[in-house]
1. Could you please find all residues in the range 1-19 being surrounded by fewer than 10 Cβ atoms within 10 Å (Cβ to Cβ) and of a type in the set (A, V, I, L, M, F, W, C)?
2. How many residues are without any contact (Cβ under 8 Å) to a residue 40 or more places away in the chain, open to solvent by 40 Å² or more (accessible area, probe 1.4 Å) and among the hydrophobic types (A, V, I, L, M, F, W, C) when one looks only at the range 79-96?
3. When you go through Gly140, Gly129 one by one, which is the residue that is at pLDDT below 90 and farther than 30 Å from Gln58 by Cα?
4. Please determine whether any residue of the range 7-16 is more than 17 Å from Ile118 (Cβ to Cβ) and either at pLDDT below 90 or outside any helix (DSSP H, G or I) (or both).
5. Of everything in the range 102-115, what is touching a Lys or Arg at 6+ places or on another chain (Cβ under 6 Å) and within 15 Å of Phe54 (Cβ to Cβ)? Give them in sequence order.
Amino acid sequence: MDQDMVGYIVLLVIVTLLSVIQNAFFASKVEQESKNTTGKTNQKCCPSTFDRVFTANQNCRDAYPTFLAVLWCAGLLCSQVAAAFAGLMYLFVRQKYFVGYMGERTQSTPGYIFGKRIIFFLFLMSVAGVLNYYLGVFFGSLLVLKRNPLYATWKPNVIPHLLIL
């Protein structure tokens, strides 16, 4: 693979690999709690630690495909750096959610809400990248934002003599 091409995706790959490690950690916690669970608890009174860990892991796994999709779309279509930073924030928030869910469910609520906001931010970045692409296709390059490969950010492609009008 070309070095320039790798430079455009390396941060996204790092965040993806960190998320895989985090998923393995969550799975090991579920396995550890399943070995420690000896008997049934009163489900109406208080769920067992295994039930809480299993539910937290299941909730994180349910949102994982959505996270990966918007992370990669935002990184490829908009800005790799901003998407990778948002991805790292999401992993931190997901860890906070998981640990909070192991304690009391009310401790996990802030992590859950902030995680949804980060996914929505990545979704908006993806939509902005798609709109930017179609602006270039339909209206030409005057309105398109060009990628600056040095910083992996967007900069406007403005023709200076049109600004003098």
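1. Looking only at the range 1-19, we keep the residues that are surrounded by fewer than 10 Cβ atoms within 10 Å (Cβ to Cβ), and these are 1-5.
Once the filter is applied, which keeps residues that are surrounded by fewer than 10 Cβ atoms within 10 Å (Cβ to Cβ) and of a type in the set (A, V, I, L, M, F, W, C), the range 1-19 yields Met1, Met5.
2. 3
3. Values: Gly129 fails: at pLDDT below 90.
The match here is Gly140.
4. Looking for residues that are more than 17 Å from Ile118 (Cβ to Cβ) and either at pLDDT below 90 or outside any helix (DSSP H, G or I) (or both), one finds at least one in the range 7-16, hence yes.
5. Passing the criteria: only Met102.
Residues checked against (1) over 30 Å from Asn132 (Cα atoms); (2) open to solvent by less than 60 Å² (accessible area, probe 1.4 Å); (3) modelled with pLDDT under 90:
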| site | (1), (2), (3) |
| --- | --- |
| Cys46 | yes, no, yes |
| Arg52 | yes, yes, yes |
| Val70 | no, yes, no |
| Leu77 | no, no, no |
| Phe98 | yes, yes, yes |
| Tyr101 | yes, yes, yes |
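The values are calculated or read from the model by the stated rules, or taken from the named source; none is laboratory data. Just so you know, these numbers come straight off a predicted model, no measurement behind them. Reconstructed Cβ throughout: ideal geometry from the backbone, glycine too, with neighbour counts over all protein chains shown. Quick note on the areas: whole protein, heavy atoms, side chains included, nothing else; ligands and nucleic acids left out. Shrake-Rupley method; radii C 1.70, N 1.55, O 1.52, S 1.80 Å.
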